[in-house]
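Let me begin by presenting the structure, written as structure tokens, before commenting on it.
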Amino acid sequence: MRLILIHIIYITFLFLAHHPAKSQFRYTGKSFATRSEVIAKNGMAATSHPLATQVALDILKKGGSAVDAAIAANAMLGLVEPTGNGMGGDLFAIIWDSKTKKLHGLNASGRSPKTLTKDYFSKNNIREIPAYGALSVSVPGCVDGWYEMHKKFGKLSMDEILRPTVNYAKEGFPVTEVIAFLWAEYAERLHIYDNFKEVYMPNGYVPRKGELFKNPALSITLEKIIQGGRDEFYKGSISSSIAAKVKSEGGFLGKDDLASHSSEWIEPLSVNYRGYDVWELPPNGQGITVLQMLNILEGYDIASFGFGSVEHLHLLVEVKKMAFEDRSIYIGDPAFSSTPMDYLISEDYATIRRSLIDMNKARQNYLPGVLEGGSNTVYLTTADKDGNMVSLIQSNFAGMGSGIVPDCLGFSLQNRGSSFSLDDNHLNAYAPHKRPFHTLIPGFVTKDGNPYLSFGLMGADMQPQGHVQILVNLIDFKMNLQEAGDAPRINHTGSSTPLGEKNQGVGNVRLESGFSSEVILELLKRGHNLVYDLRGYGGYQAIMYDDKNKVFFGASESRKDGHAAGY
């Protein structure tokens, strides 16, 4: 008992020492809001970097579609925010087409090498796929995703769309604060790869905040893509450079893997949450986890709990643990499995699962997700004057990816292949030409068949938790679009317990500053392990459409460098 009391006193002191009483005073809205929403009639863009937002807005002003603007912003982010994305990674998107009043889902994720078999790992006594290096590389799907979206919904030429990034890559751009911090962190482990150091540490060190960074190799690569299209990337000289570099580093990704790659248009899945239809993409991503959590939460009067109450936070944690138990078992490449999607997001299943929750005690016997780990990603959203909207997420997986930078191309290849399991009995077990489990999930909400919200939040296992928290803030607690993102968040993390092994406990609940000491004590009493952490709460962007006034509302993550802008 004495040890528990000491633990409670220590945790409380830790939180209070870092807990500001209030943020800067504002005339309206919540005390934790950092700024007002952006409101505009003709178009909107929200990204994690100011220059990417500006590029997207310029494309919209030139008459480009929301898809054109999204591609332009994504290309720009690959240059200015290489800590989270780039042409060496994968892409997912949900697109609202105002003409047909229909949502379109795009899975632009790549597959594992055809010539790399599981026997290679066992013969070389490799028990898990390395987090970095050539064995972690899977086919980058981003560029094909750009061209698939452009073919279906683009207006401007790819030259017009990619030209701003070409110019910035040649002339340089000043590195922003958060990105400079992350860049230095990732370089500590990736500088051992020669081309990484050459491209991303040109003066022997990473660029510091405010310093100009140029990437001439990337500008040349983009010029080649402008001239030769997606085939230049997957069948031409770019693919040759990728395959040669991976092979020289001991990897297996070859030209045939790139040449045979294709993206897939897929149907988004949805559940109705208190009158709002929430849409996510089916596996190999984890969007179904969001839908499961919302189904369970709908059985509670969350609004009556109040934001930041012990009931609110306890319920979020318990529902997360429950949904991640299913995530660890059922989510993988659908071409290699048969997942009971309809049942998993049914009301009947939610009722059964909801009955297991004890509102007064944290349960010990939920399996945490088996695919824990941090990653960095970018999420962006755009909307045009015709009412089209794009929800897009793109990533290198863990920060700056594998560290493998092909000769003269100016970008790093993703390490998404490291998320495969080498357990034969696991749904996400490694196999040749297979898509790995993906954390990337764009989100979208419609109401009465009309677009309401394009939104997302980056950050590996934080993504489904973040989606749910944003939606609960908007729908249950009636926050505005910026407040919903600025509100303090929680992030439950658990030990990565392999299937069949004994569960190792309730995991840890990370809390941002902003929750009361009384609530912290009550959570401890209910059996939660609390951890104070400055990071790991994701990066949010959103655009909401106001059908009554015919305007867009935009919001952007205050924890990142970017902003929303419209005209």
Problem - Residues of segment 397-410 satisfying the condition of being within 20 Å of Gly254 (Cα to Cα) and open to solvent by less than 10 Å² (accessible area, probe 1.4 Å) - result: Gly401, Ser402, Gly403, Ile404, Val405, Pro406, Leu409, Gly410
Exercise for the section: Considering every residue within segment 117-125, establish whether at least one is outside any loop (DSSP other than H, G, I, E, B), open to solvent by less than 40 Å² (accessible area, probe 1.4 Å), farther than 26 Å from Ser262 by Cβ and touching a Pro at 6+ places or on another chain (Cβ under 7 Å). Expected result: no
Fill in the blank from the handout: Log entry, pairs with first residue in segment 503-515 being of a type in the set (Asp, Glu), second being at pLDDT 90 or above and surrounded by fewer than 22 Cβ atoms within 10 Å (Cβ to Cβ), beta carbons closer than 8 Å, six or more apart or on different chains, reads Glu512/Pro488
Exercise for the section: Give me a count of the residues in segment 531-544 that are in a strand (DSSP E or B), touching a residue at least 60 places away in the same chain (Cβ under 8 Å) and open to solvent by 10 Å² or more (accessible area, probe 1.4 Å). Expected result: 2
Completion exercise
When (1) open to solvent by 40 Å² or more (accessible area, probe 1.4 Å); (2) among the polar types (S, T, N, Q); (3) touching a residue at least 12 places away in the same chain (Cβ under 8 Å); (4) closer than 30 Å to Lys101 by Cα are applied to Ser240, the one that fails is (4)
Problem - Residue that is nearest to Ala323 (Cα to Cα) [pool: residues in segment 446-479 that are surrounded by fewer than 24 Cβ atoms within 10 Å (Cβ to Cβ) and β-branched (Val, Ile, Thr)] - result: Ile475
Fill in the blank from the handout: Per the list (1) surrounded by fewer than 17 Cβ atoms within 10 Å (Cβ to Cβ); (2) hydrophobic (A, V, I, L, M, F, W, C); (3) closer than 21 Å to Val55 by Cα, residue check on Met201 breaks on (3)
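Rundown of residues vs (1) over 18 Å from the mean Cα position of the chain (by Cα); (2) open to solvent by 30 Å² or more (accessible area, probe 1.4 Å); (3) of a type outside the set (S, T, N, Q), yes/no style:
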{"site": "Glu264", "(1), (2), (3)": "yes, yes, yes"}
{"site": "Pro283", "(1), (2), (3)": "no, no, yes"}
{"site": "Gln286", "(1), (2), (3)": "no, no, no"}
{"site": "Asn295", "(1), (2), (3)": "yes, no, no"}
{"site": "Ser304", "(1), (2), (3)": "yes, yes, no"}
{"site": "Gly308", "(1), (2), (3)": "yes, no, yes"}
{"site": "Val319", "(1), (2), (3)": "yes, no, yes"}
{"site": "Met322", "(1), (2), (3)": "yes, no, yes"}
{"site": "Thr351", "(1), (2), (3)": "yes, yes, no"}
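Would you mind stating whether Gly250 is within 21 Å of His467 (Cα to Cα), surrounded by fewer than 19 Cβ atoms within 10 Å (Cβ to Cβ) and touching a residue at least 12 places away in the same chain (Cβ under 8 Å)? Spell out how you get there, then give the answer.
Values: within 21 Å of His467 (Cα to Cα): no; surrounded by fewer than 19 Cβ atoms within 10 Å (Cβ to Cβ): yes; touching a residue at least 12 places away in the same chain (Cβ under 8 Å): yes.
For Gly250, the condition - within 21 Å of His467 (Cα to Cα), surrounded by fewer than 19 Cβ atoms within 10 Å (Cβ to Cβ) and touching a residue at least 12 places away in the same chain (Cβ under 8 Å) - is not met.
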Exercise for the section: Name the single residue, out of those in segment 123-151 being in contact (Cβ under 8 Å) with a residue 24 or more places away in the chain and of a type in the set (S, T, N, Q), that is farthest from Ala335 (Cα to Cα). Expected result: Ser136
Completion exercise
In segment 206-219, anything part of a loop (DSSP other than H, G, I, E, B) and either among the hydrophobic types (A, V, I, L, M, F, W, C) or without any contact (Cβ under 8 Å) to a residue 12 or more places away in the chain (or both) is listed as Val206
Fill in the blank from the handout: The residue from Ser391, Ser418, Ser375 that alone is modelled with pLDDT under 95, of a type in the set (Ser, Thr, Tyr) and not in a loop (DSSP other than H, G, I, E, B) is Ser418
Practice task
Specify which of the listed residues (Ser338, Ser355, Ser328, Ser346) is open to solvent by less than 20 Å² (accessible area, probe 1.4 Å) and hydroxyl-bearing (Ser, Thr, Tyr).
Solution key: Ser328
Practice task
Looking at (1) in contact with a Leu (Cβ under 6 Å, 6 or more places away or on another chain); (2) in a strand (DSSP E or B); (3) at pLDDT 95 or above, find the lone condition where Ala484 falls short.
Solution key: (2)
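Residues checked against (1) part of a helix (DSSP H, G or I); (2) touching a Phe, Trp or Tyr at 6+ places or on another chain (Cβ under 9 Å); (3) modelled with pLDDT of 95 or more:
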residue: Glu160; (1), (2), (3): yes, no, yes
residue: Trp183; (1), (2), (3): yes, yes, yes
residue: Arg189; (1), (2), (3): yes, yes, no
residue: Thr221; (1), (2), (3): yes, yes, yes
residue: Glu232; (1), (2), (3): yes, no, yes
residue: Ile238; (1), (2), (3): yes, no, yes
residue: Ala243; (1), (2), (3): yes, no, yes
Problem - Yes/no for Tyr168 being of a type in the set (Phe, Trp, Tyr), at pLDDT 95 or above and buried (at least 22 other Cβ atoms within 10 Å of the Cβ) - result: yes
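The values are calculated or read from the model by the stated rules, or taken from the named source; none is laboratory data. What you are looking at is a predicted structure, and each value in this text was computed from that prediction instead of being measured. All Cβ positions, even for glycine, are placed from backbone atoms using ideal geometry, and neighbour counts span all protein chains on display. Only protein heavy atoms, including side chains, enter the accessible area calculation; ligands, DNA and RNA are left aside. Shrake-Rupley method; radii C 1.70, N 1.55, O 1.52, S 1.80 Å.
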